[in-house]
Structures are given as C-alpha cells and as structure tokens.
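Reading through the structure tokens given below for one structure.
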Amino acid sequence: MSSINNTKSFHLISSQKVSFTFDGKKLTGFKGDTIASALLRNNINLVGRSFKYHRPRGIYSCGIEEPNALVQIISEHNEPNARATVKRIYDGMIVESQNRWPSLKMDIGAVNNLLSPIFSAGFYYKTFMGPKGFWKKVYEPIIRKTAGLGKPPKEFRSKSTHHHHNVDVVIVGGGISGLIAALKFVKTNYDVLIIEQDSFLGGILNTSKKIKEINGLDTIEWIKKTEELISKSKNIKILKDTTVSSYNYSNHLIALEDKAVGSLPPNYKPELVLHKIRTQHTILANGYIERILSFRNNDLPGVMLAGSFEKFVHRYGVVPETNPIIFTNNSSTFSLLKSLIELNCKPSAYVDNREENSIEKSTLDYLKNNNIPFYTGAEVEGCDGRNIIREAFIRHKGNIIKLKTNMLCVSGGINPDVNLFTQSKGLIKWDDNLFTFKPDKAFQNTIVIGSASGNFNFQKLNDEIKNKLNFLKEVNDTKIEIISNVENDYKISEIWDIKPEKESLWSKSFIDIQNDVTVKDLRQAITEGFDRIEHLKRFTTNSMGTDQGKISSINSLGIVSKILNKSVSEVGTTIYRPPYAPLSFSAIAGRNTYEFYDPKRKTPIHSWHIDNNAVFEDVGQWKRPWYFKNKKGETMHQAVQRESKQLRESAGILDGSTLGKIEVKGKDALEFMNLMYTNAFTKMKPMTSRYVLMLGEDGMIKDDGIVSKINDQHFIATTTTGGAPKVLADMEEYAQTEWPHLEVYMNSITEQFSTFNISGPKSRAIMRKVFSNIDFSNEKFPFMTFNNFKYLDTEVRIMRASFTGELGYEIYISPKYALELWKKIFHSGKNLGLVPYGTETMHLLRAEKGYIVVGQDTDGTVTPIDLNLNWMIGKNKKDFIGKRSLSRSDTAREDRKQLVGILPLDKNKKILEGQHILEINKLPKKIETPIEYLGHVTSSYHSPNLKHFVAMALVKGGNKLMGKKVYVSDPSKSETIPVEIVNPVFLDPENKRLLS
Amino acid sequence: MKELYSLRGLDVFQKDLHQIVLRGKGDEKFKEIINKETSLSLPPENLKITQNDKFLLAKHSFDQWNLFYLDRKEHKEVLKMVSTFNSHEEILASDYSYGQVYFEISGKDKNYYLNKLTHFDFRIKKFPNLSMAQTLVAKIDCSIYHLNDKFIITCNCSLEEYFKERLLDAINL
C-alpha cells in the first residue's frame, strides 16, 4: 500500500510540517491534517482493534461518522475514543491505539474472534443470568476490566465554557446549500448563525470534484467570495469547527465548538465552547452520509467508504492508495473515479452492482476510455488479509475473480443526514427510488435543504432553496448557476449485503463495525423473536456505539426488511437521539464546576470573619462562620467549648445576617399573619415580637422565626436561613391563590438588613457603650420588644430577643453600615469579654435551653404538640394553615414521638446525634431480627457549662416517660449507654438569665 | 461609581444606587401617590420603564414596581420616602438601596460577554430601550434594566463577589 500527496489540494498549499507520535513512532504530517489523514500519508492503515472481537481495524471514513479509527490522545490528559478522522494533529501530539495488548499488531484479545460463536447476539443477556452469585464475583469484575475501548482520562480541570445565542435563523452546515441559503440573508434584518463543523466553509466543494463552477467561478474562488460577502454582513455570524449535537424543542440547538483545533489545548483558554442557541427558524443543510455494504470481512483495514477516500484526496491532499478497487451500487462514485484519473491514479477495478444498462453512459465511456477494468452487475463477495486487505473477490456472472489490492473503496449509497431533523421530532419517509429515508414533515420551524432533504441534484438546488425560503419576508433573490462535473441525477440499485462465498471462524460480514455486530447477528435476533427494530437494536447493540451507526443503520433496516419480507417503511426506523456526536461531560458542565459549582452568598461581615480565623459552613448557599479558631491548632470542639463558656460568662456576638426577613404590609396584614402562623397576633401589642411557628397543611412544622408587629397593618417576620425563599414563596402563593380577597403585600428584606445577635450577661453593658443614647433597662426595653433608632445617616432596629437563653439583643442595620457597626460593637465589648461565635456554638447554647432547630429536631413529621409547644397555638383562632390536621386522630394520639431531654447517667459518656433510643441495654452481636426502638437523638452536645453531654430526642410517648431509664446506642460498640429521660430545658429553667 | 473592568468593547462599573420596592394594586390611588412623590406615571405595561430627571420606575409585575433614584441621596432621605409611602396602608415600600448591588455594563460587546452567563435575548428588537427583565445571570436572580446604550444589572449584595468573579471569568475566557 502506498499513498501519495495530492499537491493540487488547497490543503497542502503553504502547509507546514507537523510531527507527532503514534504508538511511540514519530511521524510527520501537515498542519491541518487529521490524525487519520496524517496516518494515511505515512502509509499506516492499522489504527485500532475492534470492541468485541479485537479484529484489526483501519480508517473507514473521513469524518464524524467514523466507527473504527478511535484513538487515545495521551498528550491531552489521556483523552480516550477520539475520532482520528476528526482530531487534528499538532507538534508534539502523542497518539496511541486502543483496546489492544501487548501491541496493535499482536493483540492477545484477538482470540475473541475465534470464540465468536459464543459471543453472538444476546450473549450477555443469556450468559450472565447464573449461576447465583457469579454476577458480583465473576462477571462484573471481568466486564468492568475489559469494558470500553480506551482508558479513562487522567484527572484534569476543563476550561470549557458556555455561550448563549438568540437568533432568527440558524443554518446548520456551511456547504454549498448552507452558503446559498446564507446569501439570501446577507444585509437583511434577520440575525443569522451559520454553523459549520469543519474549519472551512464549502463542504462538498472542498471534498470532491462533483461541481466544476458556480456563477462562472472555480468552486474554491466562489467559496472565498461568498464567505467574504457573508462575513461583511453584520447580521450573519459564522461558527466554524462547531458541531450541532442536539436539536431540542422550541428550536433550541446545542452545538459544540472545538477552540483548540490543531493545537494542544491551552491551560488558560477554553478548549471547548458549548453554544446554546434559540432561533426562530432552523435551516438544516447538513448534507448526507455515505453508507457501507456488508460483505465478508468488510471491516478489514484498507476497506474505506468511497466518498471518504475522495475527501482525503481533495480536503486533506492525501491519496490513500493509488490503485484502489471501487465497489459501488450507485452513481456517486463517478466523481472519485474522475478524481483518481485526473491525478494519474488508475483504479485496479471498478465494480458496479448495477447492470450495464442502468449505469450512466458517461461513466461507462470514462471507464472504457481510461482502460479501467470494470465489472457491471457484479459484487465484491468478500476480501481477505491479515492486518490489511490483500485480496478482493469479485462475483461476476457466476464466477469469482480474485484481485490483489490494498484498498477497496465502497459505496452502498448515500443517506440524507436526518439525525438532527428527527431529533427535532420531524417525520421521515422512505424513498423507494433513492433507497433511503428523507425528511418529510417538520415538527418545528425546520427547513431542510440540499442533500439533507434528499435533493442530490445540484441543478435543482437553487430553486429548492428559493421555494423553501420564500415564506420569509425580504430575503434576497440570488442567482446561482452551477455547472457540475457529474451526472445530475443520482441513481442506485438496491443491495444491502452480499452472500459470502466461503465461511470460516475468521470471516464475518459486519453491519455495525464499531459494535462488532454482524449480519448473522441480525438474522439470529429475528429468529429468536426480536423482529421489532427497537428490540433488535437493543438485543444486538446494532447502531448503539458512539458513531450511532451513522454509516450502517439504514443498511440494517434494509437487511431486516428482506429477512422479514416487509418494506423498509413497515420495518420503520429507530429513534435518533442526541447527541449527534459524542461530547464530553466537561463541555456540558462548562464553568459550573469547582468554585463556580454553586453561587456563594456572603454576609457584609465576611471579610472580618476571615480576618478572625472563622471556619465556615455552608447553610444553603450562605457561608456562615461555624466557629472561630483563636489559636493555631485549636480544634472545633475546643473552640465551641470556649465560645460557649465565654458567652455564658460575659457575652458573645453572632452574625445572623443570613436569617430570612420578610416585610408584610396591607390593610389585611393582621388576618394574613393569623392565617400563616399558628400564633395569635390580634392581641399582640405594637412594637413587640413573638416566637412563631409555621405549619404545612399536614400540621407539621415547616419553619419558625420571630414576628415583630409594627401595627396591625405592618409586620416583619424572620425565618430560618434555609427556609427564607420557601416561606416567602408560600406567603405569595397563599395570598394570591387561597386568600385573594386579602389586601396584603410582602417583600423579602433578607438582604436589606444585616443582623447581629449579642447575648450574655454583659450584653446590656456592651449595648449601652455602643448606643449610649438608648435606655436598655428592663423597664424601657423589656424582653420581646423592639424599636427603631437613628444611627449615623441611617436607622437601626434593635429587638430584645435571645436564642441562647441569655439576656440578648438583635440588631438590624442596612448592609452598608454593618461592618463598621460590627467592629464598633466588638471594640466596645473587648474589655467585657465579648466573643464572636459561630453556628455550632449557637446550636450548643440553644440545646442547653431546650430550644429547637427546625430541620434538626424536626423532620417534616413533627407537630407543635410533639414539641410541647402547644402554647404557641392560637386556640381561639378561626383558622390557620395546618389547624385542621392537628386534630386528626394520628396527630392527636398520645404515643407520638415527643421531644424530651436525654441525660447520660454516667456523666462521662458521650451521646451521638442520630443514635437510637432503646429499651434494652445490650445489642446482640449479629442483629438478625429488627430491634424495637423508641426514637432517636436529634441534638447532642457537650455542655461546657454543665460539664456533661446534653441531648434532645424524639421518643414515642416521651412526655409520659419522664425519669425513665432507657438506653442510647453507640455505633462503635454493642454496649449501649444508660440515660434518663428528662425535661429538655437543662439550664436556667426559670429564665432568670433571659429576663435579667 | 467604581470601574471594575474596562476592555475593548466592554465597560463594567459598579454603582451606588438607591432603590425602593413598591407593592400595591396599581389603582388610581396608587398612581396618585407615586405621581405625587416622584412626578412619574406608572409604566404602561409589565417590564417597562418610565423615568424623569430624578427617578426611574420599572414595573416588575402586576403588583410590583421598583423605584430608583437617579442622583445620590443620603440614606435617611430614602428612608423618609419609604416611610411616606408606608404611611398609606395600600402600599408596601421596602428600602432596597444597600441590599442590592448595581452594575452598569456598556460597550459594543456587552451582549457577547453577558451571553456567556445568561440565555437572555439582549437584541434591541427583543429588549428595547426602557425595558427591563428578571432573569438568571450566572445562575443567580438578577434584574436587568436597559437604559439607552447601557444595562444596569442588579442582584442581592450577598452575591456581589460571586457575580464579579463570574463576570471576570467570562471576560478572561
């Protein structure tokens, strides 16, 4: 086998040499070469091993449809399964073949080919059913080890980005049809996006010699002038090296742009851009795909699609073989024939399945005039060779003619590329003359033109486009005159597979080359009852590879129709699903990974927290200080114990800015609040506050907070940090749907106020130092009251409330002034022992007082009665959300899980959250039957103030078990911890500290 | 006003603006109150803006309007205005001045860069001058106001850093 360069190809003009390695061998190609074109230029045709049988495989096509030539790019984080026919080479690129060991030429796995009788269709389904236990220990480990073609990529951080487009028209495909369509929109009011998967516009004009002239210009010159014209039109944008992968509802397309074509992806720039496009109209001008023919050993390296061979010649300037055999059943291969002769390369033979009287006269004359051996009404029965084709066997008039060759160019016909059209839910229809499916009825605003629509006649192209786009207003009238080098009408004879002359373990006739599915597999599947095309696809894995059977799926329909003696229309087609071509997860993720995975919300005090060694925890999207390290090496436990103790001895300050805040106002605000919360607000005095509960309609606690009443028409409610959006959304929903007669409005003011909680015995003294003009005495500023005060250029709202059980104040201030005030408070409290504390200390302190945390001590199955919060239910209220559910038999029963306190009898024992409350003191070593448990621990902390663990638990009938000895499980031991059920208020039950 | 990023085709400034969120029926009385305090008529339809020398008023929904001051004020003056609105029981006015951050984005390539972060259609025929939108930019809730050749994008102040980082990332990549 020997290749030559086509120096007339535009690709080779002024192209630079590029060196790369394949399986360790240093090779040279040209800038712009794909791996495949460069390998062919170096006379390398064996590039990989097949998926199942490890058969030698070469380069079958010249584009995205490639089933065989999948390689691993070592220089790009081990990127596996890269299509050699798409991926461009660059200096220093390291490429390796896949799925072989120890080497590509000598692959031990090839033994699978000899075992092929047991690997036939349905092998996996039949084999891995038994014996029992084999799946986990035998089959799965082996399958996991051998599955896939390449090796997984090494860890890396992608720089893929997303880009959104909104346009009026998308043209998919920048070939001749796409360019003629684009000319219609030059300098119009339509925003147009042209998407071309190659680096050049022109499509078939670059890849074949089918067209001689357009508007009197050489094709390359016409492309150049057309591109110039389009590029100057400000309303048209061109995306090259971009492949449309999905065509979704609402004319939404996803396309992937390779920004690193022909170069090592840089670390600092995106290598891939995922374009998300919304358009009014989609013009599909994405051409056609050539299909295979199934014959004996049609997978051997050296067997290549005829159109792809021609593409290598013109697009990449490499003639893979100077004297190939051409085997066809249609008129499209004439172009290849001419191309070869014009390059002084004479095909060894031209084998046409059509009878001589069906073949175009021009073709016959050309064959005769150039003395090319040709066989009409003939077929290639099969071919032989080891790692490359050596001989082809032609069946002609009942005889078998053996010809030596290193390359066989095959064409089984061409299909409109209907993949995107069917993704858009368009309907396709079988054409009995062209032997292919064509787009029929569009489901969306989709216009299909050119060969993608089944129009293979260049003379009719301009009229077709004009007619299909004439419904659009004010598009240009373009005159296009095309002179072609080939017959205008495309003709084909029906042939799908060729009966082999001889059979052996080695010889196979493939229908899906990537997934190693043979024609025999299809027959077997039908014999076993899988005669529906969707079932057959899954049973055989036909067209389920990464190429989605682009070059063979129609052939399988043809073969199946013959076996079933049905028409192809009756057999139907499987569904084409996105993506059109494989795309990486990193492309889908874009920048929404790592530091940008989720938005981060920070309070105005965040920088101070960082400066003071805060360790943060995520609460929703918020970054909240968890605890503050006051010295190097201090553990979380040590920090929390220190913060808790210091607060109870002097004072502590918490950044509570993340708490939800909602302002409610309107003439019916009072009634609205009475309906939303369990509490009664009617008799509540203005400028006072109340701890409140919000229930779901099932009566279960949904959220809690503090409601401050300015007057009967104006309230401010706080919510939990995580519950804020939901509470506001629920308020809006109820106001708009359940109680539209109420005139009430609400705004989220979470972000409008920073909130600080200062508590501890010295908090009053600190507040007096900061706000010297305010009287904080018990008489003037009693518990659960609030007021607004002037502060600098703004106002500050101060409420006396506490979540620690200590004397405490909450300060609400505009974020602009928050950090300054925080620093001022801290400065003022320094000498009084003020300590910053985080959420963990807050949880510990509230647990000492038996205060609950919604979401920790509740789990969506807990009512206020379960928590002994009956006092928060406005019993005289006519209604509130969840009221009716509180009187259901289930919610009213006495043995529901109720919140209790838990104290270890041995004060040195540690109780863990989530552990079971049991009545038995010892668990069996092996638990064989379920063990009845009374409940579980919801909160547990070591109290530095009480010097032992305090815990809360939800326990069945807990209220009646006060003083009872029960046991708490310990996950590390079979021993349990004896504990006593007690009231959950462990500290200051008289609230002396709170009201001091 | 602080310049954040400026390159060929894109200028991003962070602005200090005062904003009041107004909720109400939008009836005649509501219109009268707004007009009395701002000399502005309500925008004729949702997602439209009216403005004069001092204020800009955008209609977010059937019962929500956002009022912006076009010149700098002391915060207490804004709070006074909030208080004036709230003295009418049919209106809820909330001060949003410092709970939000404001980015002024201009330059011929502003749509290109913003469309790296949002699907929103910025084309003039779909998003004309003096219109506004509520949409996701870099996965966060934002309001976008189209004022002549500039966009004002606002989001919660807690997301300020994240927004700036995403914007810078979009510019750099």
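The values are calculated or read from the model by the stated rules, or taken from the named source; none is laboratory data. All figures in this text were calculated on a predicted structure; none of them were measured in a lab. Because the Cβ atoms are built from the backbone with ideal geometry, glycine has one as well, and the counts that use them run over all protein chains shown.
Tell me whether segment A:934-945 contains one or more residues that are among the polar types (S, T, N, Q), in contact with a strand residue (DSSP E or B) (Cβ under 8 Å, 6 or more places away or on another chain) and outside any strand (DSSP E or B). No, segment A:934-945 contains no residue that is among the polar types (S, T, N, Q), in contact with a strand residue (DSSP E or B) (Cβ under 8 Å, 6 or more places away or on another chain) and outside any strand (DSSP E or B). Counted as qualifying within segment A:330-435 are the strands (runs of 3 or more DSSP E) with 1 or more residues that are aromatic (Phe, Trp, Tyr), namely A:349-352, A:374-376, A:389-396, A:427-431.
As for segment B:76-94, it holds at least one residue that is under 17 Å from the mean Cα position of the chain (by Cα) and not hydrophobic (A, V, I, L, M, F, W, C). Taken as a whole, the condition of being out of contact with any Leu (no Cβ under 7 Å at 6 or more places or on another chain), buried (at least 16 other Cβ atoms within 10 Å of the Cβ), not assigned by TED's automatic domain parsing to the domain that holds A:Met636 and not aliphatic (A, V, I, L, M) does not apply to A:His936.
Each row is one residue, and each column tells you yes or no for (1) in contact with a Phe, Trp or Tyr (Cβ under 9 Å, 6 or more places away or on another chain); (2) more than 30 Å from A:Leu819 (Cβ to Cβ); (3) at the interface with another protein chain (Cβ under 8 Å from one of its Cβ atoms).
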site: B:Thr50; (1), (2), (3): no, yes, no
site: B:Asp53; (1), (2), (3): no, yes, no
site: B:Leu79; (1), (2), (3): no, no, yes
site: B:Asn86; (1), (2), (3): no, no, yes
site: B:Gly99; (1), (2), (3): yes, no, yes
site: B:Leu130; (1), (2), (3): yes, yes, no
site: B:Gln134; (1), (2), (3): no, no, no
site: B:Ile144; (1), (2), (3): yes, no, no
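Among the numbered conditions (1) touching a Leu at 6+ places or on another chain (Cβ under 9 Å); (2) under 23 Å from A:Thr603 (Cα atoms); (3) assigned to a strand (DSSP E or B), the only one that B:Glu3 does not meet is (1). Of the residues screened, B:Lys25 is one that is farther than 18 Å from A:Ile662 by Cα and touching a residue at least 60 places away in the same chain (Cβ under 8 Å). Does A:Asp668 satisfy the criteria of being within 14 Å of chain B (Cβ to nearest Cβ) and surrounded by fewer than 24 Cβ atoms within 10 Å (Cβ to Cβ)? It is true that A:Asp668 is within 14 Å of chain B (Cβ to nearest Cβ) and surrounded by fewer than 24 Cβ atoms within 10 Å (Cβ to Cβ).
State which residue is farthest from the chain's Cα centre (by Cα) when the search covers only segment B:148-172 and only residues that are closer than 17 Å to A:Thr750 by Cβ and outside any helix (DSSP H, G or I). Checking each candidate, the answer is B:Asn156. Quick check on my filter: what residues within segment A:235-291 are assigned to a strand (DSSP E or B) and either free of Cβ contacts under 8 Å to residues at least 12 places away in the same chain or closer than 30 Å to A:Asn330 by Cα (or both)? Once the filter is applied, which keeps residues that are assigned to a strand (DSSP E or B) and either free of Cβ contacts under 8 Å to residues at least 12 places away in the same chain or closer than 30 Å to A:Asn330 by Cα (or both), segment A:235-291 yields A:Thr243, A:Val244, A:Ser245, A:Ile283, A:Leu284, A:Tyr288, A:Ile289, A:Glu290.
Among the residues of segment A:495-530, just one is in a loop (DSSP other than H, G, I, E, B), surrounded by 15 or more Cβ atoms within 10 Å (Cβ to Cβ) and acidic (Asp, Glu), namely A:Asp516. Tell me, yes or no, whether segment A:201-223 has at least one residue that is surrounded by fewer than 20 Cβ atoms within 10 Å (Cβ to Cβ), free of Cβ contacts under 8 Å to residues at least 24 places away in the same chain, touching a strand residue (DSSP E or B) at 6+ places or on another chain (Cβ under 9 Å) and more than 28 Å from A:Phe456 (Cβ to Cβ). No, there is no match, as no residue in segment A:201-223 is surrounded by fewer than 20 Cβ atoms within 10 Å (Cβ to Cβ), free of Cβ contacts under 8 Å to residues at least 24 places away in the same chain, touching a strand residue (DSSP E or B) at 6+ places or on another chain (Cβ under 9 Å) and more than 28 Å from A:Phe456 (Cβ to Cβ).
Name the residues in segment A:816-829 that are surrounded by fewer than 23 Cβ atoms within 10 Å (Cβ to Cβ) and either of a type outside the set (A, V, I, L, M, F, W, C) or within 14 Å of another protein chain (Cβ to nearest Cβ) (or both), would you? Matches in segment A:816-829: A:Lys816, A:Tyr817, A:Leu819, A:Glu820, A:Leu821, A:Lys823, A:Lys824, A:His827, A:Ser828. Any residue at all in segment B:111-128 that is out of contact with any Cys (no Cβ under 6 Å at 6 or more places or on another chain) and either under 23 Å from A:Pro604 (Cα atoms) or of a type in the set (Gly, Ala, Ser) (or both)? No, the conditions are met nowhere in segment B:111-128. Just so you know, in segment B:63-72 the residues that are more than 10 Å from chain A (Cβ to nearest Cβ) and assigned to a loop (DSSP other than H, G, I, E, B) include one that is surrounded by the most Cβ atoms within 10 Å (Cβ to Cβ), and it is B:Leu70. Of the set (1) at the interface with chain A (Cβ under 8 Å from one of its Cβ atoms); (2) more than 16 Å from the chain's Cα centre (by Cα); (3) of a type in the set (A, V, I, L, M, F, W, C), all apply to B:Phe122 but (2).
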